[in-house]
Amino acid sequence: MDYRKLFSPRRLRTGLRGRFLDARDTWRHLKDEQAYFKARFPSAFRRYRYLASRGFSAREIRLWGLMNPGLGRRALEQYVSKREMLKVQARHSPVGHAALLEDKAVFYRYCHELGLPIPGTVAFLSRDLVRFPDSLEPLSSEDMANALYREEGRELILKPANGVYGAGIRRLRVVEGWLQEGERILDLGDLLAELKGQTCYVLQRRLENHPSIAGWTGLETVQTVRIATAMPASPGSSPTLISASWRSVATNVDNDNFNYGDTGNLRARLDLLSGRILRVVRASPSGIGLEEVENHPNTGSQLVGRTLPHWEETRRLALAAAQAFYPIRLIGWDVAITPQGPVLIEGNYWFDPDNAWGELRSQLDNALKH
């Protein structure tokens, strides 16, 4: 994968018109944030130019509130742009190994062989081929029909193996060997015909939240913990945890992705040793910066001070997985905490910098130098 392709949606803008649109958007964001923070234009312009020179996109500057004059130069140094983070990830881990994490079909097979807990995988699907997760042989229609009958009454999740930000996820229920999606009833042929060509999909059993998490939020959406781990350069060394954030949803949406605050979902900072929630934030209603949250918006339940269940097992799982995927040194894990314990949803070679707490630079430096 060419990591430069991930820098910014604006990479698609080319030519004179593209440069004009970029300049127009930059000017609009600059003026909006200058007015919001009541800053003088010359100082706001210098700050915006400085942040852009460090690779921050207009979207990042807006989300993290980096135009806030209250953030001095030393505080700004702690923030890491997506552009810089991608370079760090490519510099410290062999890009040729990225498919072990970024291709979910490969990732789940690898985890299965290592005995790492993953969601129950029913099959790998593409428009022309169906396979069981423990076999490379294509399945017949009869084999797959029998497999679906064994999942009778279950809810399943279908997701593209190369998907990002929760895009393309579908929820299905098995009813008498048929697949129900909302009000629609499909057979396997219908489903395969709707898949994108040249794309592999993973069909898995849908997980449930631990009862504690379900009680705090009152929502069914599986809400995961993003744990960033780092491995030293030498093989056989012990991994460390860089950061941990619980990602909670405000409504019953399809996934808990934060996605630059656009989803309205919450992000909770966790104490690495205890799993206790220290702070909770979400995107500000103004669209600029983050706002603190004490209680869950759906239930009113107090969040700050709660401790996530099964935390010690969750920590151990992330550290064991980090060691198993060496020589990839930086990984962002998504872990679901279920009634039975933690389960690896996915690992990310390319993961977004977690700037919500304003300490990422120190966290990365401390983790990588050891």
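The set of residues from the stretch 167-176 being touching a residue at least 24 places away in the same chain (Cβ under 8 Å) and surrounded by fewer than 16 Cβ atoms within 10 Å (Cβ to Cβ) comprises ILE169, ARG171, GLU176. Which condition from (1) closer than 25 Å to ALA283 by Cα; (2) in contact with a helix residue (DSSP H, G or I) (Cβ under 8 Å, 6 or more places away or on another chain); (3) small (Gly, Ala, Ser); (4) in contact (Cβ under 8 Å) with a residue 40 or more places away in the chain is the one that ALA90 breaks? Result: ALA90 fails condition (1) only. Filtering VAL164, VAL225, VAL174 for residues that are among the β-branched types (Val, Ile, Thr), in a strand (DSSP E or B) and outside the structural domain of GLN363 (by TED's automatic domain parsing) leaves a single hit, VAL174. Whether any residue in the stretch 329-346 is surrounded by fewer than 16 Cβ atoms within 10 Å (Cβ to Cβ) and part of a strand (DSSP E or B) is what I want to check. Yes, there is a match, as at least one residue in the stretch 329-346 is surrounded by fewer than 16 Cβ atoms within 10 Å (Cβ to Cβ) and part of a strand (DSSP E or B). Being surrounded by fewer than 22 Cβ atoms within 10 Å (Cβ to Cβ), outside any loop (DSSP other than H, G, I, E, B) and in contact (Cβ under 8 Å) with a residue 40 or more places away in the chain is true for just one of LEU278, LEU241. Which residue is that? When all the criteria are applied, what remains is LEU241. Please indicate, with yes or no, whether at least one residue in the stretch 206-225 is free of Cβ contacts under 8 Å to residues at least 24 places away in the same chain and polar (S, T, N, Q). There is no residue in the stretch 206-225 that is free of Cβ contacts under 8 Å to residues at least 24 places away in the same chain and polar (S, T, N, Q). Name the residues in the stretch 21-59 that are under 20 Å from PHE258 (Cβ atoms), among the hydrophobic types (A, V, I, L, M, F, W, C) and part of a loop (DSSP other than H, G, I, E, B), would you? Of everything in the stretch 21-59, just one residue is under 20 Å from PHE258 (Cβ atoms), among the hydrophobic types (A, V, I, L, M, F, W, C) and part of a loop (DSSP other than H, G, I, E, B), namely PHE56.
Within the stretch 60-80, which residues are outside any loop (DSSP other than H, G, I, E, B) and surrounded by 20 or more Cβ atoms within 10 Å (Cβ to Cβ)? Walk me through it before giving the result.
Step one: of the stretch 60-80, the residues outside any loop (DSSP other than H, G, I, E, B) are 60-63, 73-76.
GLU60, ILE61, ARG62, LEU63 - these are the residues of the stretch 60-80 that are outside any loop (DSSP other than H, G, I, E, B) and surrounded by 20 or more Cβ atoms within 10 Å (Cβ to Cβ).
Looking for something assigned to a loop (DSSP other than H, G, I, E, B), without any contact (Cβ under 8 Å) to a residue 40 or more places away in the chain and surrounded by fewer than 16 Cβ atoms within 10 Å (Cβ to Cβ) - is there at least one such residue anywhere in the stretch 307-323? So far as the stretch 307-323 goes, no, none of its residues is assigned to a loop (DSSP other than H, G, I, E, B), without any contact (Cβ under 8 Å) to a residue 40 or more places away in the chain and surrounded by fewer than 16 Cβ atoms within 10 Å (Cβ to Cβ). From the list VAL222, VAL249, VAL253, VAL164, the one residue that fits, being out of contact with any Lys or Arg (no Cβ under 7 Å at 6 or more places or on another chain) and more than 24 Å from ASN295 (Cβ to Cβ), is VAL164.
The values are calculated or read from the model by the stated rules, or taken from the named source; none is laboratory data. Only a predicted model underlies this, so the values are computations on that prediction, with no experimental measurement involved. Counting neighbours? That spans all protein chains shown, and the Cβs are built from the backbone with ideal geometry, glycine included.
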